[in-house]
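Here the structure comes first, spelled out in C-alpha cells, and everything after it is commentary.
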Amino acid sequence: MIARATRAIIGRELTRMLRQRGRLLSAMIRPLIWLLVIGGGVGAMLEQHGSGDYQQFLVPGLLCMVLLFGAMLASLSLVYDKESGVMRMLVIAPFSHYWIILARTVSAAIAGLVQVLLLLAILAILGYLSLPIQFALLALGLVLTALLCAAFGMLIAVFSKSLDNFAVIMNFIIFPVFFLSGALYPLEHLPLWLKSITLINPFTYGVDLLKHALISNEAGALAPEFSIVQGIFIQIGCIIAALFVACLRFTQAPVMESLASILSCRRQ
Amino acid sequence: MQASAIECRGLTKQYGDVRAVNELTLNVADGSFFGLLGPNGSGKTTTIHMLSTLARPTVGSIRVAGYDVLKQPVQARACIGLVFQESALDRSLTVAENLHFAGALYGLDATTVEQRLAELLDLFDLESKREVRVAALSGGMRRALDIARGVLHRPRVLFLDEPTIGLDIINRRAIWRFISRLRQEHGMSVLLTTHYLEEAEGCDEVAFLRHGQLIGQGQPSDLIRALGHYILEIETDQPDYYIEQLSSELGTPVQEDERLLFAIQDEDFQFGALQQRLQHEVRALQLRKPDLNDVYIWRNQPTGKGEAA
Ligand SMILES: Nc1ncnc2c1ncn2[C@@H]1O[C@H](COP(=O)(O)OP(=O)(O)OP(=O)(O)O)[C@@H](O)[C@H]1O
Ligand SMILES: [Mg+2]
C-alpha cells in the first residue's frame, strides 16, 4: 500500500517536471554554457601551461550541478506544497508523516537523475564524454549525489517557513555549495580556509566520486583527490544524517499548526 | 451499547494565550450525522484537526473508529476522510490526476479509482473538466472536487469542515444527496461544521461551541422545540421602548439593531391581538416557526443568555 503511495508521489514529481519545460530546458542549458564558455575559455588558458583537458575535468562537476539544481529545487518545492493544498492531502493519508519526507526525497532524487541522464545523452552526442567510463561507479555516484542534494534540500525545506527568500537560498546555498566543491578547480592547492570549507561540503565528495568514474585516467592536478570508499561513506553518512534531522523536525512540529503559521505569515 | 465513531474526553488545545478548545467532550455514535456549530474562531477547525490526528491536543483523549488517535494515528487516518476548510488539491495537476493521486495515497488501485472518479465527476457534472488543471477550475468546482477527494476511499468517518462554502444550490444539494447515500450504503459517520444551519437540521445531533467550549448539545428538533413554539419578529425605530413594553409578557428578546426577536413559549399565542395593538406603530411584525438559526442566535448572544442543555 505504501509502495503505491510512493509511486504516486514519484509520478507526480515527474509529471510536474515534464510540464515545466522551460525549467527543464534551462537545466540542460546552464551546464552547457559552463562547459562551452567557462570550460572553453579557462581550458584554452590552461592548455598553454600544458595542464590536462579542463573541459573533461568540468564534466563531473557539471553533472553534479544538474543534480544540485534538479534534486535540491525539487525538494525545496516541499515549501510550496506546504502553502498549497498538496500537503493537506499528504498529511491526512494513512502513513507516518516521516514517510512524506522519505518519499519526497526519493522523488526529488529521481527528478534530478532524469535530468542528469538527459544531460549525459547530450554530452555523449556532443562528444564530451571520453572513455574509459566506469559505469557502475558512475551510476552509484549519481544516485548518491542525487540523494544527497535531495536530502539537504529537504532539510532546508522543513526548516523554512516560506520560499519568499528563494533568491537567498540560491545565492547563499546553491551557488556556494557548487563553487566550493572542487567542481571548478582542484582543491589541493587552495588556501587553508577555503580548503577547510570544501572539505566539510558533502557535495565535494559527490563530485570526486564522479571524477573517479569519468576521468580516472586524468593525471596530475586534475585527478580525483579522495578515495572511492571515502566518498561513498561520507555521502551515505550525510544523507542519513540529513534525513534523520528532517524527519524528526517534520514529525515533531505539529503539522497543521506549522501549516497555519505559514499561511498566516504569508497573509501579513 | 453502540460503538462510537468518535469519542473525545477533556479535549483542550492551547495556542499561546489562546485556548482554542476547552475541555471538550463529545460522543458521536457510529453511523450518525453530527453537526459542530459555532461562530468564527470558536474552535471547530481546531477540534477537527485534533480528532483527525493532525494537531496534538494539549490535554485530552480521542478515539476515532475505535483507534486511539494519539497512539495509532496511521490506523485512525486509514478510516478517516477529511474535507479541509481550505482546498487540499494540487493546482498544477488535472482533475483526474488529482483524484488518482489521492486514491493512490490510500492504496487504491487504478481501476477502483477510475470507477469512483467517473461516478464522482458525473455527480458534480465535471466530466468535461476531467483533463483540466485544477488551477483553471472555478472556486465551486474546486470545492466539489475537494469533497470528491475526501470520500474517494470510502472512509468510515468523514469530517467535513464547511464543505459547501462557495457552492451553488444545485451542487450543494447533490453533495448532500451523495453524502446521505454513502451513509446509508456504507454506514459512514459524518462530523460536519457549517455556517449554513439549514444543512445541520438533518443532523442526528448538533453541538454548539463557543470560545472553544461546549455550550449546548442535542437533536435539532428538540433544541428548536425547547426554544419555543414561535418566533415573533418586530422591526421598529424604538427597539428599547418595545423591549420595555413587551418583556413582561413575552420574555427578554434578542436584539439585532432595530429588530427584536421574541421566543414565544405559549402554543396558543394570540398573534391577532398583538397585531392590532402594534401594526400601526412598528415597521414590521411577523410570527413564524423557529428553526436552527434561531437556536444558534439565542445561544450566541453577546449577553450570554444561551442556557446549556
Ligand atoms: N495555528 C494556530 N496558532 C495560533 N492560534 C490558532 C491557530 N489555529 C487556530 N488558532 C486560534 O484558535 C481559535 C479557534 O480557531 P478555529 O480555526 O478552530 O476556529 P473555527 O471555529 O474553525 O472558525 P471558522 O468558523 O472561522 O472556521 C481562534 O482564536 C484562532 O485564532
Ligand atoms: Mg474553521
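Whether any residue in the stretch B:189-208 is within 22 Å of B:Ser52 (Cβ to Cβ), part of a helix (DSSP H, G or I) and away from ligand 1 (no atom under 16 Å from the Cβ) is what I want to check.
No, the stretch B:189-208 contains no residue that is within 22 Å of B:Ser52 (Cβ to Cβ), part of a helix (DSSP H, G or I) and away from ligand 1 (no atom under 16 Å from the Cβ).
Looking at A:Met89 and the list (1) touching a residue at least 40 places away in the same chain (Cβ under 8 Å); (2) assigned to a helix (DSSP H, G or I); (3) farther than 27 Å from A:Ile29 by Cα; (4) more than 16 Å from the chain's Cα centre (by Cα), which single condition is not satisfied?
Only one criterion in (1) touching a residue at least 40 places away in the same chain (Cβ under 8 Å); (2) assigned to a helix (DSSP H, G or I); (3) farther than 27 Å from A:Ile29 by Cα; (4) more than 16 Å from the chain's Cα centre (by Cα) is unmet by A:Met89, namely (1).
Picking from B:Gly31, B:Gly43, which residue would you name as being buried (at least 21 other Cβ atoms within 10 Å of the Cβ), touching a Gly at 6+ places or on another chain (Cβ under 7 Å) and on the phi > 0 side of the Ramachandran plot? Spell out how you get there, then give the answer.
On the way: B:Gly31 fails: buried (at least 21 other Cβ atoms within 10 Å of the Cβ).
Exactly one residue qualifies, and that residue is B:Gly43.
Suppose we filter A:Ala109, A:Ala93 for residues that are under 25 Å from A:Gln252 (Cβ atoms), away from chain B (no Cβ under 14 Å) and crowded, with 23+ Cβ neighbours inside 10 Å; which single one remains? Write out each step before concluding.
Numbers: A:Ala93 fails: away from chain B (no Cβ under 14 Å).
Checking each option against the conditions leaves just A:Ala109.
Pick from the stretch B:33-81 the residues that are of a type in the set (Gly, Ala, Ser), in contact (Cβ under 8 Å) with a residue 60 or more places away in the chain and in contact with a strand residue (DSSP E or B) (Cβ under 6 Å, 6 or more places away or on another chain): which of them is nearest to B:Ala207 (Cα to Cα)?
Going through the stretch B:33-81, the residues of a type in the set (Gly, Ala, Ser) turn out to be B:35, B:38, B:41-43, B:52, B:55, B:60-61, B:65-66, B:76, B:78, B:81.
Those still in the list that are in contact (Cβ under 8 Å) with a residue 60 or more places away in the chain too: B:35, B:38, B:42-43, B:52, B:65-66, B:81.
Now restrict to residues that are in contact with a strand residue (DSSP E or B) (Cβ under 6 Å, 6 or more places away or on another chain): B:35, B:38, B:42-43, B:52, B:65, B:81.
Details: B:Gly35: 6, B:Gly38: 8, B:Ser42: 12, B:Gly43: 12, B:Ser52: 18, B:Ala65: 20, B:Gly81: 20 Å.
In this case the residue turns out to be B:Gly35.
Can you name the residue in the stretch B:61-86 that is within 16 Å of ligand 1 (Cβ to nearest atom) and within 11 Å of chain A (Cβ to nearest Cβ) and is also farthest from B:Leu191 (Cα to Cα) among such residues? If you could, list the steps in order and put the result at the bottom.
Looking only at the stretch B:61-86, we keep the residues that are within 16 Å of ligand 1 (Cβ to nearest atom), and these are B:62, B:82-86.
Among the residues that remain, those that are also within 11 Å of chain A (Cβ to nearest Cβ) are: B:82-86.
Working: B:Leu82: 10, B:Val83: 11, B:Phe84: 12, B:Gln85: 13, B:Glu86: 17 Å.
Selected residue: B:Glu86.
Let me confirm something: among A:Ala8, A:Ala27, A:Ala44, which residue is at the interface with another protein chain (Cβ under 9 Å from one of its Cβ atoms) and either under 19 Å from the mean Cα position of the chain (by Cα) or not polar (S, T, N, Q) (or both)? Give the derivation first.
Working: A:Ala27 fails: at the interface with another protein chain (Cβ under 9 Å from one of its Cβ atoms); A:Ala44 fails: at the interface with another protein chain (Cβ under 9 Å from one of its Cβ atoms).
Sole residue among the options that is at the interface with another protein chain (Cβ under 9 Å from one of its Cβ atoms) and either under 19 Å from the mean Cα position of the chain (by Cα) or not polar (S, T, N, Q) (or both): A:Ala8.
Yes or no: A:Leu137 at pLDDT below 90 and in a loop (DSSP other than H, G, I, E, B)?
Working: at pLDDT below 90: yes; in a loop (DSSP other than H, G, I, E, B): no.
Against the criterion (at pLDDT below 90 and in a loop (DSSP other than H, G, I, E, B)), A:Leu137 does not qualify.
Out of A:Ala136, A:Ala124, A:Ala103, I need the residue that is aliphatic (A, V, I, L, M) and within 14 Å of chain B (Cβ to nearest Cβ). Which one?
Details: A:Ala136 fails: within 14 Å of chain B (Cβ to nearest Cβ); A:Ala124 fails: within 14 Å of chain B (Cβ to nearest Cβ).
Result of the check over A:Ala136, A:Ala124, A:Ala103: A:Ala103.
Name the residue that is nearest to ligand 2 (Cβ to nearest atom), counting only residues in the stretch B:24-71 that are under 18 Å from A:Ser96 (Cβ atoms), out of contact with any Leu (no Cβ under 9 Å at 6 or more places or on another chain) and of a type in the set (D, E, K, R).
B:Asp68
Quickly run through the stretch B:130-140 and pick out the residues that are assigned to a helix (DSSP H, G or I) and either at pLDDT 90 or above or within 14 Å of another protein chain (Cβ to nearest Cβ) (or both). Walk me through it before giving the result.
Going residue by residue through the stretch B:130-140, those that are assigned to a helix (DSSP H, G or I) are B:134-136, B:139-140.
If the condition is that a residue be assigned to a helix (DSSP H, G or I) and either at pLDDT 90 or above or within 14 Å of another protein chain (Cβ to nearest Cβ) (or both), then B:Val134, B:Ala135, B:Ala136, B:Gly139 are the ones that fit.
Let me confirm something: among B:Asp161, B:Asp125, B:Asp90, which residue is surrounded by 15 or more Cβ atoms within 10 Å (Cβ to Cβ), within 26 Å of the chain's Cα centre (by Cα) and farther than 28 Å from B:Phe208 by Cβ? Give the derivation first.
On the way: B:Asp161 fails: farther than 28 Å from B:Phe208 by Cβ; B:Asp125 fails: surrounded by 15 or more Cβ atoms within 10 Å (Cβ to Cβ).
Of the residues listed, the single one that is surrounded by 15 or more Cβ atoms within 10 Å (Cβ to Cβ), within 26 Å of the chain's Cα centre (by Cα) and farther than 28 Å from B:Phe208 by Cβ is B:Asp90.
Would you say B:Ala273 is exposed (fewer than 14 other Cβ atoms within 10 Å of the Cβ), in contact with a Lys or Arg (Cβ under 9 Å, 6 or more places away or on another chain) and over 24 Å from B:Gln213 (Cα atoms)?
On the way: exposed (fewer than 14 other Cβ atoms within 10 Å of the Cβ): yes; in contact with a Lys or Arg (Cβ under 9 Å, 6 or more places away or on another chain): no; over 24 Å from B:Gln213 (Cα atoms): yes.
No; evaluated as a whole, the condition is false for this residue.
Just to be sure, is B:Gly16 away from ligand 2 (no atom under 16 Å from the Cβ) and either within 14 Å of another protein chain (Cβ to nearest Cβ) or surrounded by fewer than 23 Cβ atoms within 10 Å (Cβ to Cβ) (or both)? Working first, answer last.
Details: away from ligand 2 (no atom under 16 Å from the Cβ): yes; either within 14 Å of another protein chain (Cβ to nearest Cβ) or surrounded by fewer than 23 Cβ atoms within 10 Å (Cβ to Cβ) (or both): yes.
Yes.
Output yes when any residue across the stretch B:166-182 is within 16 Å of ligand 2 (Cβ to nearest atom) and more than 14 Å from chain A (Cβ to nearest Cβ), and no when none is. Working first, answer last.
Looking only at the stretch B:166-182, we keep the residues that are within 16 Å of ligand 2 (Cβ to nearest atom), and these are B:166.
Adding the requirement that they be more than 14 Å from chain A (Cβ to nearest Cβ) leaves B:166.
Yes, some residue in the stretch B:166-182 is within 16 Å of ligand 2 (Cβ to nearest atom) and more than 14 Å from chain A (Cβ to nearest Cβ).
Could you tell me which residue of the stretch A:180-238 is nearest to A:His49 (Cα to Cα), considering only residues that are surrounded by 14 or more Cβ atoms within 10 Å (Cβ to Cβ) and hydroxyl-bearing (Ser, Thr, Tyr)?
This residue is A:Tyr185.
Tell me which helices (runs of 4 or more DSSP H) are completely within the stretch A:152-268 and hold 2 or more residues being at pLDDT 85 or above, within 16 Å of ligand 1 (Cβ to nearest atom) and at negative phi, or say none if there are none. Full working, then the answer.
Values: elements: A:166-169, A:175-179, A:192-200, A:202-214, A:228-252, A:255-267.
So the answer is none; nothing clears 2.
Out of curiosity, is B:Glu97 crowded, with 18+ Cβ neighbours inside 10 Å, at the interface with chain A (Cβ under 8 Å from one of its Cβ atoms) and free of Cβ contacts under 8 Å to residues at least 40 places away in the same chain? Give the derivation first.
On the way: crowded, with 18+ Cβ neighbours inside 10 Å: yes; at the interface with chain A (Cβ under 8 Å from one of its Cβ atoms): yes; free of Cβ contacts under 8 Å to residues at least 40 places away in the same chain: yes.
For B:Glu97, the condition - crowded, with 18+ Cβ neighbours inside 10 Å, at the interface with chain A (Cβ under 8 Å from one of its Cβ atoms) and free of Cβ contacts under 8 Å to residues at least 40 places away in the same chain - is met.
The values are calculated or read from the model by the stated rules, or taken from the named source; none is laboratory data. None of these values were measured; they are calculated from a predicted model. Note that each Cβ is placed from the backbone with ideal geometry, even for glycine, and that neighbours are counted across all protein chains shown.
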